[in-house]
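Trainee: This is the structure I have questions about; it appears just below.
The values are calculated or read from the model by the stated rules, or taken from the named source; none is laboratory data. These figures come from a predicted structure and were not determined experimentally. Virtual Cβ from ideal backbone geometry, glycine too; neighbours counted across all protein chains shown. Each accessible area value is taken on the protein alone, full model and side chains, heavy atoms only, with ligands, DNA and RNA left out. Shrake-Rupley method; radii C 1.70, N 1.55, O 1.52, S 1.80 Å.
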Amino acid sequence: MGGFLRAALRLGCLPPYLGLDERALAMTEEQVLAEFRAAEALLEGHFILSSGLRSPRYLQCARVLMDPARGARLAEAIAAQLPDDIRESVQAVVSPAMGGVIAGHEMARALGVEAMFLERPDGVFELRRGFRLAPGTRVLMMEDVVTTGLSSREAIAAIGRAGGVTVAAAALVDRSNGSADLGVPFFPLIRLDVPTYAVDALPPELAAIPAIKPGSRAA
């Protein structure tokens with residue numbers, strides 16, 4: 001897609017995805033990993049995931065989204081792989097804070113719709129800050145990373161309580177090894193098959209490395 005057309009789409013001068021060349025925006029797995037490597041966001045060590053599981057590799061999506069141009073490329077690549085009927089039906093993108101906020105904003109820009117995010121000040125996701133969904137609003141729920149799918153399902157439930165209808169979910173990375181069931185069609189940009197372990201079932205080589213918590217919930 002030419003720069004003029006992409007700019008026109010983002011400014012709302014054209015209907016979303018008029019003239020979109022999905023093949024030009026699509027990315028291979030190696031191209032996606034190259035974006036993470038270029039951002040020094042593909043880490044190796046002993047990591048405590050937000051689910052509590054442990055992993056020897058970690059994708060720090062906050063780093064890969066530091067560059068707005070890179071974030072736009074990744075979001076556009078996800079948008080290009082959505083089926084036409086889903087892509088054209090989405091009226092809003094909603095993401096869980098904190099990790100999904102930038103990813104959700106870029107996804108909304110790629111689709112030409114509004115972006116909102118959920119917070120859980122009391123432990124339960126909800127829309128705040130004046131965000132609201134009209135009853136029946138068709139929503140794409142956007143995450144940065146999905147591991148067990150728990151927070152994604154909680155976000156989808158919150159969207160329903162707010163009056164929206166989640167038609168699909170998307171993420172930059174699915175590291176669930178294909179096990180996450182979100183209850184809606186799920187479109188990750190990349191599926192990263194990285195082993196995860198319970199804290200009482202660590203392999204010796206991983207247990208020998210000090211654990212760190214690199215995600216947004218770390219201090």
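Trainee: Under 8 Å for C-alpha pairs, at least 6 residues apart: give me the relative contact order for region 164-203, rounded to a whole percent.
Mentor: Numbers: 44 pairs, mean separation 16.6, N = 40.
The normalised contact order for region 164-203 reaches 42 percent.
Trainee: If I model a spin label as a point 7 Å beyond the Cα along the Cα-Cβ vector, how far apart are those points for Ala157 and Glu40 in nm?
Mentor: Calculated label separation equals 3.9 nm.
Trainee: Through the Karplus equation 6.51 cos²θ - 1.76 cosθ + 1.60, θ set to phi - 60°, convert the phi angles of region 193-209 into ³J(HN,Hα) values in whole Hz; use x for Gly and Pro.
Mentor: With the stated coefficients, region 193-209 comes to 8, 10, x, 10, 9, 5, 4, 9, 9, 6, x, x, 5, 7, 4, 6, 9 Hz.
Trainee: Still on this structure, I have one more. I'd like the orientation of helix 68-81 relative to the chain: the angle between its Cα long axis and the longest Cα principal axis, in ° from 0 to 90, rounded to 10.
Mentor: Orientation of helix 68-81: about 80 degrees from the principal axis.
Trainee: Evaluate the charge dipole of region 41-155 about its Cα centre and quote only its size in Debye, nearest 20, assuming +1 on the Cβ of each Lys and Arg and -1 on the Cβ of each Asp and Glu. Mind dumping the intermediate values first?
Mentor: Details: 13 positive and 14 negative charges, 42 e Å.
Dipole of region 41-155, to the nearest 20 debye: 200 debye.
Trainee: Modelled label-to-label distance, Leu202 and Glu114, 7 Å Cα→beta-carbon offset: nm?
Mentor: Calculated label separation equals 4.6 nm.
Trainee: Let me cross-check Arg191: its accessible surface, 1.4 Å probe, with only protein heavy atoms counted, in Å² to the nearest 10?
Mentor: Solvent-accessible area, nearest 10 Å²: 120 Å².
Trainee: List the pair-distance distribution P(r) of region 129-179, using every Cα-Cα distance, as the percent of pairs falling in each 5 Å bin from 0 up to the bin containing the longest distance, rounded to whole percents.
Mentor: 5, 21, 28, 21, 13, 8, 3, 0
Trainee: Right, another one. How many percent of the accessible area of the chain is carbon or sulfur, using a 1.4 Å probe?
Mentor: Values: 5770 of 10680 Å².
Taking all protein chains in place, the chain shows 54 percent carbon and sulfur surface.
Trainee: What are the extents of the Cα atoms of the chain along their three principal axes, listed from largest to smallest and rounded to whole Å?
Mentor: Projected onto its principal axes, the Cα set of the chain covers 56, 38, 28 Å.
Trainee: Probe of 1.4 angstrom, ligands and nucleic acids ignored: what's the accessible area per residue over the chain, in square angstrom? Walk me through the numbers before you get to the answer.
Mentor: Details: 10680 Å² over 219 residues.
Using a 1.4 Å probe on heavy atoms only, each residue of the chain averages 49 Å².
Trainee: Moving on. Taking a virtual spin label 7 Å from the Cα of Asp193 along the C-beta vector, which residues in region 23-56 bring their backbone nitrogen under 19 Å of it?
Mentor: 28-34, 55-56
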